[in-house]
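A.B. asks: There's a structure below that I have some questions on.
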Amino acid sequence: MTYPVDLSVKPDVSAHFDEATNTITYIVKDPSSNHCAIIDSVMDIDYAAGRITYDHADTLIKEITERGLTLDWIIETHVHADHLSAAPYLQEKLGGKIGVGEKILVVQDTFGKIFNEGTEFQRDGSQFDALFKDGDTYMVGNMQGFAMYTPGHTPACMVHVMGNAAFAGDTLFMPDGGSARADFPGGDAGQLYDSIQKVLSLPDETRLFMCHDYGPNGRAIMWETSVAEQKANNIHVGGGKTRDEFIKFRTERDKQLDVPKLIIPSLQVNMRAGEVPTDKDGNPMLKVPVNGL
């Protein structure tokens, strides 16, 4: 298979783990310049107190500033349901374009109805600077990246490949973590299996970086693996497991899972590219749809 980027390029990848949401954010630097991208940033929220802060984002800003880097892209692999994006805050401080998959329109339409958003909420993806289609390329300094459409967890999931590094979003977890759920609105276990196979068609030596890790069975938090390791050892799809086997397992497993604790604020904020919605007086305000999810 041919790919639209040079898979021999080795970007420098700096990982930042957020303990509150088990999210890993990445700073990805072009090895031949001082340009970089951020993948899946986190905005801190004390949901019970209704308080938002930016400690996690400030660590990214500090590193990028101290290293003298230029931020080209702030990329969301999908509309996260378990943490809030800090994309607008990062853009204000460092510049760069905010990008997400073009199927954000599906997510905005679905959850715009659930949260009873008015006509002032644009459902055309215009809150983002770029809407990626499958195979779209973009530049981080001199390094070309490309977006790979990987629906199943959500309709708008994309895996981003930069050189020999692929950022998997929630399409895959570490081999002992398996895969993400597929029972959110617009999710589909069969699509997820197909998307995982698409990712695993990358060269075996491709580095895979996870968006989340929960340290199953008490192991230390990890976030980097490889295509070869996933194909051999992933507990949900590795070792030649079939599509039917995966769909059966994933469907049964998803019925046992709790709703993510931050799903209500996360969806409202993330479908707006990280902007917190406001009330009629312009004050930041979140809604809680009762029996809506």
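Rule-based calculations on the coordinates, nothing more; no lab input. Keep in mind that this is a model prediction, so the values were computed, not measured. Positions of Cβ are generated from backbone atoms using ideal geometry, with glycine treated the same way; all protein chains shown enter the neighbour counts.
A.B. asks: Scan the strands (runs of 3 or more DSSP E) fully inside segment 1-99 and keep the ones with 2 or more residues being farther than 28 Å from GLY218 by Cα.
C.D. replies: Counting at least 2 such residues, we get 23-29, 35-39, 51-53, 70-75.
A.B. asks: Could you pull out every one of the helices (runs of 4 or more DSSP H) wholly within segment 168-271 that has 3 or more residues that are farther than 30 Å from GLN122 by Cβ and in contact with a helix residue (DSSP H, G or I) (Cβ under 7 Å, 6 or more places away or on another chain)?
C.D. replies: Fully inside segment 168-271 and qualifying: 189-199, 243-254.
A.B. asks: How many residues are touching a residue at least 24 places away in the same chain (Cβ under 8 Å) and more than 22 Å from ASP134 (Cβ to Cβ) if we restrict to segment 88-112?
C.D. replies: 9
A.B. asks: Out of the residues in segment 166-183 that are surrounded by fewer than 23 Cβ atoms within 10 Å (Cβ to Cβ) and at negative phi, which is farthest from the chain's Cα centre (by Cα)?
C.D. replies: ASP176
A.B. asks: Just the residues that are of a type outside the set (S, T, N, Q), surrounded by fewer than 18 Cβ atoms within 10 Å (Cβ to Cβ) and either touching a Ser or Thr at 6+ places or on another chain (Cβ under 9 Å) or not in a loop (DSSP other than H, G, I, E, B) (or both), please, taken from segment 135-152.
C.D. replies: Within segment 135-152, the subset of a type outside the set (S, T, N, Q) is 135-136, 138-141, 143, 145-149, 151-152.
Among the residues that remain, those that are also surrounded by fewer than 18 Cβ atoms within 10 Å (Cβ to Cβ) are: 135, 139.
Matches in segment 135-152: MET139 only.
A.B. asks: In segment 68-87, which residues are free of Cβ contacts under 8 Å to residues at least 60 places away in the same chain and in contact with a strand residue (DSSP E or B) (Cβ under 8 Å, 6 or more places away or on another chain)?
C.D. replies: If the condition is that a residue be free of Cβ contacts under 8 Å to residues at least 60 places away in the same chain and in contact with a strand residue (DSSP E or B) (Cβ under 8 Å, 6 or more places away or on another chain), then LEU69, LEU71, ILE74 are the ones that fit.
Each row is one residue, and each column tells you yes or no for (1) closer than 19 Å to ALA273 by Cβ; (2) surrounded by fewer than 19 Cβ atoms within 10 Å (Cβ to Cβ).
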{"position": "MET43", "(1), (2)": "yes, no"}
{"position": "GLU63", "(1), (2)": "no, yes"}
{"position": "GLU92", "(1), (2)": "yes, yes"}
{"position": "GLN108", "(1), (2)": "yes, no"}
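A.B. asks: Name the residues in segment 95-106 that are buried (at least 24 other Cβ atoms within 10 Å of the Cβ), of a type outside the set (Gly, Ala, Ser) and either touching a Gly at 6+ places or on another chain (Cβ under 7 Å) or over 21 Å from ALA57 (Cβ atoms) (or both), would you?
C.D. replies: ILE104
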